[in-house]
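Bear in mind that the values in this text are calculations on the coordinates, not laboratory data. As the structure is a computational prediction, the values presented were derived from the model and not from experiment. Reconstructed Cβ throughout: ideal geometry from the backbone, glycine too, with neighbour counts over all protein chains shown.
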Amino acid sequence: MTNLIYMDHAATTKIDSRAFEAMVPFLTEDYGNPSSIYSISRNPKAAVRKARDIVARAINARSFEVYFTSGGTEANNWAIKGIARANQSKGKHIISQKTEHHAVLSALESLKKEGFEITLLNVDNEGLISTMDLMQKIRPDTVLVTIMTANNEIGTLQPVGEIGRICREKGVYFHTDAVQAVGAINLDVEDMCIDALSISAHKFYGPKGTGALFVRGGILIDNLLDGGSQEKGRRAGTENVAGIAGMAKALEIALELGDEENLRISRLRDKLSDGLLQLPFTKLNGPSGAMRLPNNVNVSFDGIEGEELLVSLDIAGLMASSGSACTSGALDPSHVLMAIGNDKELSRGSLRLTLGRENTDEDVEKAIRIIDETISRQRALRNGRNR
Ligand SMILES: *Cc1c(COP(=O)(O)O)cnc(C)c1O
């Protein structure tokens, strides 16, 4: 169907056709194992090397500091558990914050069982941490601070440069989940004093199941997988050559489109957000303007059930996401929306729309119309029931 509108780019993106083309050779003729020495392994080996250079350059790292992973979840788990465990002689205290992705929060939960102590910083009503608060919470036994660059639900951009400099000064390692930030904002691990950084290809028009972890040279980190000598023996296993080549191509394209595309998307975002906020009993979640991802809109509609809204929107041809996750039949309000101070009702009636490369002005206009009609109908039904 051609009239479907996809506005869930924070969940995943459609692979760019050029990134897809870059993968094909390694699934066909160039199938050689990069570790082998015969001629058909030459191209795969060169592709992995080139991809490492591209990823490193994109974040101003050095190639030997980049490890390929199966995605953002793996990169976050490896960075947090690997750095915490390898450096525990220094201490077992870790600082993070409440609106992190579950890949970070659950990794921290499992470290708790190993005797690590976790401090989760509060955020303000826009989802921002206080750097003053961070400074006060760092202790002599703090080994790691992990704070995301950009939030996947409400688009908040944390002041990572400032956080990095605080951590550097205090002698604490700083990891950031930059999965939502790649392509949207400039990342510079030197300038921002970042020690470890996670990325995931399918959030920037690359293939699913491929990501990378940057770990600053000299930092101790436990191996993720023991086995062969791939990834310097730290993450053994034959490389996902096609995925790695696709990710590198997608990253090149994202950086090339850069500011111009982000400006276009941020204009669409503002148009969408302005249109939705004109609807009655509607509230914006997350920051406005500069501290927000260019593609993120998150709104709460009072008196509306998020899951019900999503189903109706899907029928009307609009794909979006709600702030709540339906786990085992029970509707859990989003931990992010609760952390910024929304009550349970408002958190349930929330809608996340994340724009992308294929979205147009017409899509935005149509989306506003569809949402307006849908919530008006649902509110009318509800009022009818209550009478
Ligand atoms: C999508 C996402 C992840 C997980 O990445 P996968 O590659 O899907 O495992 C982690 N963190 C954030 C902020 C994300 O948006």
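A few comments on the model shown:
- Counting only DSSP beta bridges whose two residues both lie in the chain, roughly 55 percent are antiparallel.
- Pairs from the table (45/113; 112/170; 203/232; 112/137; 203/366) lying more than 29 angstrom apart at Cα are 45/113.
- If only the Cβ of Lys and Arg carry +1 and only the Cβ of Asp and Glu carry -1, the dipole of the chain around its Cα centre is close to 700 debye.
- q = 0.09, 0.13, 0.18, 0.23 Å⁻¹, the stretch 186-303: log10 I(q)/I(0) [Debye, one scatterer per Cα]: -0.41, -0.75, -1.06, -1.32
- Each peptide in 131-142, 266-277 was scored by the mean count of other Cβ atoms within 10 Å over its residues; highest first, the order is 266-277, 131-142.
- Nearest 10 degrees, 0 to 90: helix 306-315 Cα axis against the chain principal axis: 90
- Phi angles across the stretch 332-341 convert, under the Karplus curve 6.51 cos²θ - 1.76 cosθ + 1.60 with θ = phi - 60°, into 3J(HN,Hα) values of 8, x, 4, 5, 6, 5, 5, 5, 8, x Hz, Gly and Pro given as x.
- Spin-label model distance (nm) - residue 290 vs residue 21, 7 Å beyond Cα toward Cβ: 4.0
- Nitroxide proxy distance, nm - points 7 Å out along Cα→Cβ at residue 208 and residue 124: 3.8
- Placing a pseudo-label 7 Å from each Cα along the Cα-to-Cβ vector at residue 106 and residue 90 gives an inter-label distance of 2.8 nm.
- Listed residues 342, 147, 201: farthest to the positive end of the dipole of the chain (Cβ charges): 147
- Calculated FRET efficiency for the pair residue 385/residue 257, C-beta based, R₀ 56 Å, to 0.05: 0.75
- Cα-based helix-to-principal-axis angle, 241-277 vs the chain, degrees rounded to 10: 20
- Axis angle, to the nearest 10 degrees, between helix 102-112 and the longest C-alpha principal axis of the chain: 60 degrees.
- Per-residue HN-Hα couplings for the stretch 115-127 [Karplus 6.51, -1.76, 1.60; θ = phi - 60°; Hz; x = Gly/Pro]: x, 6, 10, 10, 10, 9, 5, 6, 10, 7, 6, 9, x
- Full extension of the segment from residue 358 to residue 191, taken as 0.36 nm per residue of separation minus the current Cα-Cα distance, would add 56.9 nm.
- Equivalent-ellipsoid semi-axes of the chain, from the Cα gyration tensor, Å, largest first: 36, 27, 18
- Charge dipole (the chain, unit charges on Cβ, about Cα centre) - positive-most of 355, 20, 3: 20
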